[in-house]
Structure formats: C-alpha cells, structure tokens
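A.B. asks: There's a structure below that I have some questions on.
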Amino acid sequence: MKVWVEVRDDVAVLQIDNPPVNGLSHATRNGLRAGLQHALDNPRVAAIVITGTGTVFSGGADIKEFNTPAALAEPNLLQVIDAVEGSYKPVIAAINGVCMGGGLELALACHYRVATPNASMALPEVKLGLIPGAGGTQRLPRAVGADKALRMIASGAPIGADDALKSGLVERVVPNTTFQGVLDFAHEVADAMPLPKLRNKAVQLPAGIDAASFFAGARVQVGREARGLTAPLKCVDAVEAAVLKPFDEGLAFERQTFVELVQSRESKALRHAFFAEREAGKIPDVPEGTPTRPINTAAIIGCGTMGSGIAMSFANAGIPVTVMEMSQAALDKGLATCRAHWESTARKGRMSMEEVERRMALLRPTLNIEDLKDADLVIEAVFEDLAVKQDLFRRLDRVMKPGAILATNTSTLDVDAIAAVTRRPQDVLGTHFFSPANVMRLLEVVRARRTGKDVLASVMKLARRLKKVAVVSGVCDGFIGNRMLEQYIRQSLFLVDEGASPQKIDAALAKFGMAMGPFAMYDMAGMDIGYAIRQRRYAEKPHITYSRIGDRVVELGRLGQKTGKGWYRYEPGSRTPIPDPEIDALIDSYRKEIGIRPRAISDEEIVQRCVFALVNEGARILDEGIAQRASDIDVVYLAGYGFPAATGGPMFYAQTVGFDKVIKTMERFAGNGHADPAFWNPAPRLRRAAVEGHW
C-alpha cells in the first residue's frame, strides 16, 4: 500500500507511504487517484488532506522511471494533479517535512497548503538538467511572484516554512507535534467556495519593472551562474511563459521543454551523476548495518591551509576538534585563518557572529601530542614526506587511545607503508580531503590492505555528517584523482612542448567546461607542490617520459599566484591571470633545446589529449581494482576536480562519445609521434567496454 486513506470525522486523510522519500512512482500515483476518488464518493467527507509519512511529504517523481514505460503509465503525474485541482471538495496539502520536485507540484495543485515548521520546499529539477514538468514553472510564479519563483526554480534551492508563509506559498504553519492543526484548518475551509486555484491567479512581477526588462536581466544573471548548462536558462523561458501566456499554453510549453530536456545528453549526464553519488557510498563487502565506531571528538595535526580547512569542516558539523601544531606562531596563524573565514561568512549574512564564536570554541589548540590521546579520530595533515608521516604515526600509535581511528591526509603516499609502522594497522586509513577542505565536497577514503571494515564504515558515515561526498579508493600512487591527474598534467605539458600556448590550452579546456584550465589551476595550487612530486617521479619512474618545461618555470622562482608569477603573472591583490612574455620566451627556448618545431594544435586535439588521458588511466585504475566502479571515478572528478557536470564525468563522457571512437583517437595519438606513445595503448578495461558497450 503506497497511500493510506483514513477518514477522521469529516476529513479524508491521504497519506503517502513510499519510503525512503515517498516518491511519486506509478503505484503511488495510482494510490493517490484511488484515495481521492474514495474521498469524493464518501458523502461524509467535507475536505481532503494529502500528507506524507514521517518527515517527508514527497521527494517527487521517481527518476528511475524516466525514459521507461512506468513514467508514462496512467495515471501520470499530470493526471493526478489535474484530478486534485479539479476536486469539488477542498484539498489541503499538509507539508510535513521534505517537499521536493513533483511533491511540491502536487502541493501547488491543492487548493490550500499548510506546513510544519521543519518543512523544506524546492523544485530541484534543474540539478538534473531538467525543468519542473508537472506545472511547477506555471503555478509557483502565481503563488510567490515571478522573482521568487525564478530564483527557486533556476537554482533548485529549498526554502523553509517561514519563508514559504511570508511569500504566500503556504497559508499557515502548523505545529508538527500534532495533526490537530491540520484538521482545524481543513474544517475552516471545508465550506469555502469557490475553491482557490493557482491557475486562475495572475503572476506578479517586481514593482516598477516590465516583463521584457525583468526577463532580459534574469537571463544575464542566470546565464552567469549556469556555467554552460542549458536547463537554468530554460527555467527562465518557462517562467516567462507563465507571465506572458495563458495557463494552459504555458503548461504545454513547460511540458514540451521538459520532454526535450529529458532526452538531452546534459540531463542524462546529470542524472548519471546523481545516482553515481549515491552508489559511491556502497561498499560490496561492507554492507549497510556494519557496526561503526563513535566519532564524537577529533584531532588534526597540522594547521596550515589543509589542516585549518579540515578543522573547519569538523567544527562546521559541530564536532569538537583539537588542533596541534609544532609552533605557537603556526598555531596562531591557522586559528586566525579559521576565524577570518567564518567572520567573512558572517559579514555576508550567512551566519551570526554568535555562531562564529561557537565554532571557534570547538577548536582546541595545542602544541602537545599528548593532548590528542582521547580523540576518537586523528587526521594528520603534515608535510608530504613518507618518512615524516611514518615517524608521526609511530608516535600516534603510542599516544592514541585503543580504538581511535588514525587517518592520513596524504594525497599520493603509500598508506600501507604508513599503517605498517603501527601496532594497529586495522585502525589506519587515508582521508584525502581536497583544498579548501571546508569547501570542497570530495573526500577520497583510502582503504589500506588491513583497514578494518568497521573503520571504513565509520569514516564513510562521518563523511555524510561532514557533508562530503566520499569515494573509496585502494592504495596506489595518487589514489584515484591525483593518479589520473598526473596523466592530464603530462599531456598539457606535452602540448606546450609541441606548440600550444598555456593560454590556448586553458581556453580550450575552459570552453569544454572545466572549472579552470590546467595552467591557471597550477598557479592557483602552487607550482612548488607539483615540482616536488615530479622530482620524486623522475627517480621512481625513470621509464616514463616527462616534459621538463614546468620545472624550468619553477626554477625561475615562479610558484604561481602566491609569488605573483607562475605560468601567468598577477597584479598585486589580483587572481586574474595575465599572459607573460617571459614565459613565451622560456617556452621558445625549451622547444629549441629539445629539438621540437612548434605546430598548430586544434582545440579538439587539446581536449581529446587531456580528457582521454584521464579516461585511459581511469580504465587502468578499474583494471587494478583501485576504484570500485567507473561511476566512482566520475564522482571524484565532478566533486573534486571541476570536471564539467554536463558531461557526467570522464568515464561517462567516454561512453557518450563512444568507446570505439575513443580507442581510435588514442591509437591515432600513439601513431603520430607524440611523446610517450606507449601511454596511448588502450587499457584492457577500455577495450572490453568497447565490446560490451558499458564499463
């Protein structure tokens, strides 16, 4: 039973019960239609209430049904909504918590809406490359006005009960401790005639502005924030239709746009990413329900850029964290960084100064490793050197209480070698945060050979509390993300050797949709980090070919934004990259030194060389079992490396391009005399995918 029907006095209550999110599947839609008809046929019933079980009204349509017969099976959501709106008895949506997408569209079709104080309402379809497809773009503007509706629809952001009441989305906020407030409201409106319908309301524009000016400005603003995505601008078109067209014409326009977007590559990619994030948390041999260790207190060793960001992540989640540094000056600087970030957030109105002080109070500074001994979890964020980290873990092994989880934030080093110096390797794993750690969503959880299943489950659970997207990686040099990134970097530097300028490469990859081009990224991250890693690579992997042009830049003292010069130069106080003739001269000199005559390189080749390098290394990672699944690799690159969301990630992108085409392109690169042709030998997993049609 997906919808429970109960008559309380003269009010019929239809309660959606389709856990976990009360999705509007075909069975649920059937239940709603049948329940509505039952209420209409019952002469005792004067009013009808639709609500959900638990703390969820409805999370909306079941997106697993998209592009399947179930999505079209009658009654579809539009038919259910028409039946609700057309009821001759008043229908009240009792929004008892989460109300998203199709759930909110159902509520908007009701004659009245009440909400509990914890209610959260949104039309998040844009995040899946879609617009609302069941009247949301037409009814919401009539409820709250064009400006508020457009901001909600184009961003997908939720609003709470108080905001909904103020804006006119709901008529009343009722206590969530009893259902009596809902029944009282139903009795108040039981005899109201005619029944109010949002379709009959006019859309209000902001005072003093005409429709043409409002939507011209909206397209500029939304386009700036859309970062190349199509759906946000389609949201503007649909809200404009609500203003300019009669309701039924606007509804037809919305539906046509929705159907077109469902079939688009962009929406398929975003839906892939949506499911991939949820799949990433599933570990085949660590089933749901695996016992976990409590993590109520934490400790961070190192309070530099990374350590302070990790500390803020814990404090943001309300977890007390002891922060250790080697000197008082370093400790003071790290704490000042945390305070400055939170105070900046407060000045922007995103938190109160009281909240700043509350979070600062959760940071407990120390210079003494003994002060960490009672923490449930300790994370080291010290210098990226294996000997340094091993020495630290020997000390932690002696100091930390039994059962404490010992984590390393290394981005490349061997976690097994770190765990081996302790007497408790089962308690050791990698927690690779991404900088800035308090902002970036990705957390690579590195499972060492002897990491306990309960430890792994505990950290995956912690990641959700920290609002991170956690992906499990096996142990290898660079794990998933940085191991692949090395090949991306190698190709970008080879492209410079062969004739492309840094700005041309950056422009081509930015046009493809990357958050920023590789050379701007190197400057932002700091050139010295990559330089140190390359020196290690030269000794460890003498058989691999590397361009040395990046080393020459660093050896000129150009370390990126922090020194005002890297691949670009930067004006004081600015992060805007400016091409520098000094770099052009350096590149020309280096090309002559290695005997390369520069050639013209197309944007297409730049993108293919860099992106397909990621794909081929990703396939090797799958072959080795470092990543659990191809979609995990996509999550890593979408959440941690600025890969364009509209592609679904590098592995999904390869599938949409066509595995055969990817392989043929790689074989062409191998045969064209490019540096390191052996790299372009397609990985076995890639060749198998070309045969099977999927990863």
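The values are calculated or read from the model by the stated rules, or taken from the named source; none is laboratory data. A quick note: this is a predicted structure, and the numbers were derived from the prediction, not measured. Cβ coordinates were reconstructed from backbone atoms using ideal geometry, including for glycine residues, and neighbour counts include every protein chain displayed.
A.B. asks: Hey, any hits in the stretch 355-375 for a residue that's in contact (Cβ under 8 Å) with a residue 60 or more places away in the chain, within 25 Å of the chain's Cα centre (by Cα) and either crowded, with 17+ Cβ neighbours inside 10 Å or farther than 16 Å from residue 318 by Cα (or both)?
C.D. replies: The answer is no; no qualifying residue exists.
A.B. asks: Also, quick follow-up: Only residues that are farther than 22 Å from residue 633 by Cα, aromatic (Phe, Trp, Tyr) and surrounded by fewer than 16 Cβ atoms within 10 Å (Cβ to Cβ): list them for the stretch 264-315, please. Outline the logic, then answer.
C.D. replies: To start, the set of residues in the stretch 264-315 that are farther than 22 Å from residue 633 by Cα comprises 264, 289-315.
Narrowing the set further to residues that are aromatic (Phe, Trp, Tyr) leaves 314.
Correct list: empty.
A.B. asks: Take residues that are within 30 Å of residue 276 (Cα to Cα) and tell me which of the strands (runs of 3 or more DSSP E) falling wholly in the stretch 45-140 contain 3 or more.
C.D. replies: Numbers: elements: 47-52, 56-58, 91-95, 98-100, 112-115, 120-122.
Of the strands (runs of 3 or more DSSP E) lying wholly inside the stretch 45-140, those with at least 3 residues that are within 30 Å of residue 276 (Cα to Cα) span 56-58, 98-100, 120-122.
A.B. asks: Somewhere in the stretch 521-529, is a residue at pLDDT 95 or above, farther than 19 Å from residue 636 by Cβ and part of a loop (DSSP other than H, G, I, E, B)? So that I can check it myself, show each step before the final result.
C.D. replies: In the first step, residues of the stretch 521-529 are kept if they are at pLDDT 95 or above; the result is none.
Scanning the stretch 521-529 turns up no residue that is at pLDDT 95 or above, farther than 19 Å from residue 636 by Cβ and part of a loop (DSSP other than H, G, I, E, B).
A.B. asks: Mind telling me which of the residues 191, 237 ends up being acidic (Asp, Glu) and farther than 30 Å from residue 655 by Cβ? Explain how you work it out, then say what you get.
C.D. replies: Working: 237 fails: farther than 30 Å from residue 655 by Cβ.
Result of the check over 191, 237: 191.
A.B. asks: Do any helices (runs of 4 or more DSSP H) entirely within the stretch 186-300 hold 1 or more residues that are in contact (Cβ under 8 Å) with a residue 24 or more places away in the chain and closer than 25 Å to residue 142 by Cβ, and if so, which?
C.D. replies: Values: elements: 211-226, 231-244, 247-262, 265-280.
Passing ranges, in order: 211-226, 231-244, 247-262.
A.B. asks: Give me a count of the residues in the stretch 530-571 that are part of a helix (DSSP H, G or I), out of contact with any helix residue (DSSP H, G or I) (no Cβ under 9 Å at 6 or more places or on another chain) and of a type in the set (Asp, Glu).
C.D. replies: 1
A.B. asks: Take the conditions assigned by TED's automatic domain parsing to the domain that holds residue 664, in contact (Cβ under 8 Å) with a residue 12 or more places away in the chain and not small (Gly, Ala, Ser) and apply them to residue 592. Does it pass?
C.D. replies: Details: assigned by TED's automatic domain parsing to the domain that holds residue 664: yes; in contact (Cβ under 8 Å) with a residue 12 or more places away in the chain: no; not small (Gly, Ala, Ser): yes.
No, not satisfied.
A.B. asks: Separate question: Could you tell me which residue of the stretch 572-600 is modelled with the lowest pLDDT, considering only residues that are within 26 Å of residue 561 (Cβ to Cβ) and in a loop (DSSP other than H, G, I, E, B)?
C.D. replies: By that ranking, first place goes to 573.
A.B. asks: Given the stretch 417-494, what strands (runs of 3 or more DSSP E) lie entirely inside it while holding 1 or more residues that are surrounded by 20 or more Cβ atoms within 10 Å (Cβ to Cβ) and of a type in the set (S, T, N, Q)?
C.D. replies: Values: elements: 428-433, 442-446, 469-473.
Where strands (runs of 3 or more DSSP E) fall fully within the stretch 417-494 and carry at least 1 residues being surrounded by 20 or more Cβ atoms within 10 Å (Cβ to Cβ) and of a type in the set (S, T, N, Q), they are 428-433, 469-473.
A.B. asks: When the stretch 576-592 is examined, which residues are found to be of a type in the set (Lys, Arg) and out of contact with any Lys or Arg (no Cβ under 8 Å at 6 or more places or on another chain)?
C.D. replies: Initial filter on the stretch 576-592 (of a type in the set (Lys, Arg)): 591-592.
The answer is 592, and nothing else.
A.B. asks: So, one more: Just name the residue that is surrounded by the most Cβ atoms within 10 Å (Cβ to Cβ) out of those in the stretch 401-416 that are under 34 Å from the mean Cα position of the chain (by Cα) and farther than 21 Å from residue 471 by Cα. Spell out how you get there, then give the answer.
C.D. replies: We begin by selecting, within the stretch 401-416, every residue under 34 Å from the mean Cα position of the chain (by Cα); these are 403-416.
Checking which are farther than 21 Å from residue 471 by Cα leaves us with 403-404.
Working: 403: 12, 404: 24.
Among those residues, the one meeting the criterion is 404.
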